[in-house]
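Participant: So that we are looking at the same thing, I have put the structure below in structure tokens.
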Amino acid sequence: MALHSFTRNYNDLSSDAGFQYEFYCDCCGNGYKSSFIQSKTYGRAEKIDNIGRNVGILGNFLGGKASEFGWAAERAADVLKGRFADATPEWRREQEETFDAAQEEVRPHFRRCPSCNKWVCTDCWNAEEGLCTDCAPRESAYVAKARNEAMRRNIDEKALNETVWTGELEERNTVCPSCGGMAGSGKFCNSCGAPLTLKKCSNCGAAIPNGMKFCGECGTKVQDITGKCPSCGFENPPGTKFCGECGTKL
């Protein structure tokens, strides 16, 4: 047996103990729940169950046949309860009656849109237009939505033409001449800590990459390029033209 609802979105919360239903808005999905109605058949099953228990207690006192009768009554009560739980025709009739009553109770919270035939709650109903808010959005809400969408579009378009970074696209993957690992872009190797400062040719002043044995500009041996002062022995940086300690020309 199928229940016929005024709205297609509803949920049957009924059990063998009673009946309750929830109906949902076709737009927002919010629901209204009907009042709980206790099942009359369930009440009768409870009474039969109590009779069985009372007779069973009396039988325990009297013993013999009375005890057997009490067990039989309890068993009969269990069978009846199971029958009610399995949706008897009487319970089904109650379900139809309570479902109709629940619809009448909840229906005032809904409106039927004549355009799309949806049943919507009062929050999704545009009373001025006589339509749901999907078919006829409220003017103030729609204007606010349109303005915010336009604002987002303007920001996105402005950002496309905006220069936010002025650096150069270059990749620095220096190989350390000491350990052979990736040294990074600093002055010292990230792996072993060896200095990565380029030497300068003492003859022409050109920068010489680490690991090179000769100057790429003039051919001077790298081993001849040193900052050690021949006069005082002070260690000057490679490429220095005069000793920083005594002034001797290097």
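Participant: By how many nm would the segment from F6 to F36 grow when fully extended, if each residue of separation counts as 0.36 nm and the alpha-carbon distance is taken off?
Facilitator: 8.9 nm
Participant: Okay, next question. Can you run phi through the Karplus equation (6.51, -1.76, 1.60; θ = phi - 60°) for the range 240-250 and list ³J(HN,Hα) in whole Hz, with x for Gly and Pro?
Facilitator: Along the range 240-250, the couplings run 5, 8, 9, 5, x, 9, 10, x, 5, 6, 9 Hz.
Participant: In addition: Using a Förster distance of 35 angstrom, determine the FRET efficiency expected from the C-beta separation of C246 and M182, and round it to 0.05.
Facilitator: 0.30
Participant: List the pairs from K200/K249; K213/K241; K118/K145 whose alpha-carbon separation is above 18 Å, in the order I gave them.
Facilitator: With Cα atoms farther than 18 Å apart: K213/K241; K118/K145.
Participant: Now a separate question. Rounded to a whole number, what % of the accessible area of the range 102-157 do carbon and sulfur atoms account for, probe 1.4 Å?
Facilitator: So the carbon and sulfur contribution to the accessible surface is 47 percent.
The values are calculated or read from the model by the stated rules, or taken from the named source; none is laboratory data. Note that this is a predicted model, so its numbers are computed, not measured. Using ideal geometry, Cβ is built from the backbone for each residue, glycine included, and neighbour counts are taken over all protein chains shown. Areas reflect the complete protein model, heavy atoms only, side chains present, ligands, DNA and RNA absent. Shrake-Rupley method; radii C 1.70, N 1.55, O 1.52, S 1.80 Å.
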